[in-house]
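Written below as structure tokens is the structure these notes are about.
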Amino acid sequence: MTTLDTIRELLHQVAGVLVWPVIAGLLGLAAAMLVALGSFAREAWERWRGTHRGLQRDCDALDALAAAQSHTVDGLDLRIEALLQSAERQRWRGLGRLRLAVRVGPSLGLMGTLIPMADALQGLADGNLPALASNMVTAFAATVMGLSISVVAYLIGAVREDWVRADTEALAFHAERLSRAETTAARRAS
């Protein structure tokens, strides 16, 4: 056995060890996408009905902040800005996970395709057609899963990105309205 054959065998063994984490990763991402799809459907239903708990919670927090600051106007704008930035960061963080799935899904799918292909080709060389067929099924299933995960994550992410922008604008408008009301009340009091 030559050095090149030893290296090939070592690479084959490493790839064989990686097949289980890749399959587990694909299954985990698929489960996460099912959860994300359910969460997306719930939020879409709420938005369609005109009730959005997350936006309402943040508006209520702004109202509470403005009411608590009614005695002292000093620093209200900074506190409102901090609350707005925190709410926006929280919304974008959820999109980051979807973007990760868009990228990782196809990568795991490709790995899940190529690793079993080596065994499939070995089965073909040995004339073992059942091993060839089994490994090809695994390879193609991994590809389909990886691409499906990516497509679902991309579509959910695209819609949620629009929602994040709309929510951020709505919160900024609400904060501006509160700030102007506070300024008007301060002028009347003086």
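Brief remarks on what is shown
- Checked against the criterion of being of a type outside the set (V, I, T), over 25 Å from E46 (Cα atoms) and touching a residue at least 60 places away in the same chain (Cβ under 8 Å), the candidates G146, G157 yield just one match: G146.
- Qualifying positions in region 39-55 - of a type in the set (S, T, Y) and under 23 Å from V152 (Cα atoms): S39
- Assessment of region 78-87 against the conditions (under 30 Å from E176 (Cα atoms), exposed (fewer than 14 other Cβ atoms within 10 Å of the Cβ) and under 22 Å from the mean Cα position of the chain (by Cα)) yields at least one matching residue.
- Condition met for T168 (farther than 19 Å from G28 by Cβ and surrounded by 12 or more Cβ atoms within 10 Å (Cβ to Cβ)): yes
- Residue that is modelled with the highest pLDDT [pool: residues in region 165-189 that are of a type in the set (D, E, K, R) and more than 30 Å from L95 (Cβ to Cβ)]: R180
- A single member of V164, V144 is in contact with a Lys or Arg (Cβ under 8 Å, 6 or more places away or on another chain), β-branched (V, I, T) and assigned to a helix (DSSP H, G or I), and it is V164.
- Complete set of residues in region 1-44 that are among the polar types (S, T, N, Q) and farther than 28 Å from V102 by Cβ: T2, T3, T6, Q13
- Between V151, V137, the distinction of being closer than 18 Å to L18 by Cα and free of Cβ contacts under 8 Å to residues at least 12 places away in the same chain belongs to V137 only.
The values are calculated or read from the model by the stated rules, or taken from the named source; none is laboratory data. What you see is a predicted model; the values in this text were computed from it and never measured. Methodologically, a virtual Cβ is constructed for each residue, glycine included, from the backbone with ideal geometry; neighbour enumeration extends over all protein chains shown.
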